[in-house]
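Q: I'd like to ask you about the structure that follows.
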Ligand SMILES: *Cc1c(COP(=O)(O)O)cnc(C)c1O
């Protein structure tokens with residue numbers, strides 16, 4: 001069975017480097033935060049070309065902390081794309097603010113800037129754009145609207161480490177960038193992890209206090225804080241994997257282009273990648289008729305696929321109280337009811353990619 005993502009191949013290839021890094025961290029007993037977590041923060045900020053980064057315990061916390069740093073809370077609204085992983089909206093909800101969902105475009109499957117302005121009210125404080133599937137959203141258009149209305153722009157970069165928009169790496173475009181290092185993301189920890197990055201030092205200083213129980217000095221709590229530090233072992237592991245990120249992304253791009261050149265089935269629709277962006281093909285998403293049937297068809301042929309995401313945020317039961325209805329975000333709904341995710345990971349071979357292409361081309365719906 002070809003897996004949708006096979007992390008074991010990465011571990012096998014770099015086993016000794018990973019184990020050495022973990023051993024060093026254990027020898028120093030730098031387990032919660034500490035020198036390896038701090039070292040990764042500096043390396044990650046350097047890699048992205050941003051002023052500072054603050055490692056946290058997962059991407060959901062990164063989004064939550066970004067909202068807190070911007071002073072967002074009860075009575076506020078934040079624009080969020082309907083087509084994203086639900087955690088983009090959780091960070092807003094945790095603060096007491098309300099996510100306001102906006103549809104995606106029919107071709108890039110990213111937030112549609114032309115639909116944002118009608119959703120802005122006097123309570124709107126920020127727009128969270130998501131670089132979904134590793135494809136940068138239309139940042140310039142979103143930023144223009146944000147500036148016109150005095151709103152913050154937060155980037156959800158959980159699926160897009162190393163992706164770039166007009167030559168600038170994502171995370172450094174808006175006010176704050178949020179990363180997830182969940183296993184299977186294109187930069188991942190051996191457990192949970194995340195990072196908040198910014199060119200504004202003040203925001204990162206705030207994250208450092210919030211994530212550390214509200215302390216700058218131990219046992220002196222300035223604000224109500226959280227336990228959201230990055231584990232030392234995760235920092236140590238990611239200092240290894242960060243060295244391979246560009247190489248991994250280049251291979252993902254190669255495989256993405258191979259899929260795009262090879263898939264010719266007229267029943268299958270692919271994502272459009274605007275030419276001013278460098279996507280990193282975190283997820284290779286396609287639209288197919290009857291996706292559940294497609295998954296079974298692929299599985300029967302020895303290929304594991306899955307779906308991102310079968311229910312758009314605005315129609316999730318958890319947000320039923322917000323009162324959205326089917327038809328409110330038609331492009332996101334169309335995508336949700338037709339999406340399927342093909343295998344994609346850097347260690348996948350050309351032969352495996354071609355086998356998937358052949359199967360996709362023979363799918364009859
Ligand atoms: C994975 C993901 C998150 C959440 O990150 P966790 O580390 O799983 O908490 C948020 N947003 C998007 C777009 C994601 O893909």
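No lab work stands behind these numbers, since they all come straight from the coordinates. The structure presented is a predicted model; accordingly, all values stated were derived computationally and were not measured. Neighbour counts run over all protein chains shown; Cβ positions are idealised from the backbone, glycine included.
Q: Using just the helices of the chain, give the 222 nm mean residue ellipticity in deg cm²/dmol: DSSP H runs with n ≥ 4 each add -39,500 (n - 2.57), and the total is spread over all residues, rounded to 500. Mind dumping the intermediate values first?
A: Working: 11 runs with 135 residues, N = 365.
It comes out at -11500 deg cm²/dmol, rounded to the nearest 500.
Q: So how do 44, 345 line up by other beta-carbon neighbours within 10 Å, fewest first?
A: By the 10 Å Cβ count, ascending: 345, 44.
Q: Antiparallel as a % of all DSSP beta bridges within the chain, to the nearest 5?
A: 60
Q: Go through 307-313, 57-63, 211-217 and give me the packing order, highest mean Cβ count within 10 Å leading.
A: Put in order of decreasing packing, that is 57-63, 307-313, 211-217.
Q: Return 105, 277 ranked ascending by Cβ neighbour count within 10 Å, so the fewest neighbours appear first.
A: Placing the least packed residue first, the sequence is 105, 277.
Q: Same structure, new question: What is the order of 338, 14, fewest Cβ neighbours within 10 Å to most? Don't skip to the end; give the middle numbers.
A: Values: 338 19, 14 16.
The fewest-first ordering by Cβ neighbours comes to 14, 338.
Q: Continuing with this model, one more query. Using a 10 Å cut-off on Cβ atoms, rank the peptides 347-354, 320-327 from the highest mean neighbour count down. Don't jump to the answer; show the numbers that get you there.
A: Working: 347-354: 14.5, 320-327: 10.5.
Ranked from most to least packed, the peptides come out as 347-354, 320-327.
Q: When the Debye formula is applied to the Cα atoms of the chain, each taken as the same point scatterer, what base-10 log of I(q)/I(0) results at q = 0.12, 0.13, 0.14 Å⁻¹?
A: -0.89, -1.03, -1.18
Q: Let me ask something else about it. Can you tell me which of 359-365, 187-193, 33-39 comes out highest on packing, and rank the rest after it, using the mean Cβ neighbours within 10 Å? Let's see the in-between values first.
A: On the way: 359-365: 15.3, 187-193: 22.1, 33-39: 19.4.
Listed from highest to lowest mean packing, they are 187-193, 33-39, 359-365.
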